Amino acid sequence: MSNRPDNTLISNREMLLELLATPFRALGALLHHLAENNSRTQALQAIAAIPEAELRAKGLTRTDAISMAFRHDA
């Protein structure tokens, strides 16, 4: 048995599981970070933030705006 940083006890099994899970958590965090910083993801977030009324005023649907964003991104 060992102590966690918060002074609670951790069993050898829990310690082994933490050790095995750490690289997968890091990989998941990396993939999430890459996806969040992707230009297409940022474009989709910007389009999602546009109110429907503003899109209608421009004569666009959300689908039109998305296809325009991806057409220029290629």
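For Arg62 and Leu27, calculate 0.36 nm times their separation in residues minus their Cα-Cα distance, and state this gained length in nm to one decimal.
On the way: separation 35, 0.36 × 35 = 12.60 nm, distance 3.27 nm.
Once the chain is fully extended between Arg62 and Leu27, it gains 9.3 nm.
Rounded to the nearest 20 Debye, what is the dipole magnitude of region 26-74 about its Cα centre when Lys and Arg each give +1 and Asp and Glu each give -1 at the C-beta?
The dipole of region 26-74 has a size of about 120 debye.
A short reminder: the numbers here are calculations on the coordinates, not readings from a lab. No experiment lies behind these values; they were computed from the predicted model shown. In this analysis, Cβ positions are derived from the backbone assuming ideal geometry, glycine residues included, and neighbour counts consider all displayed protein chains.
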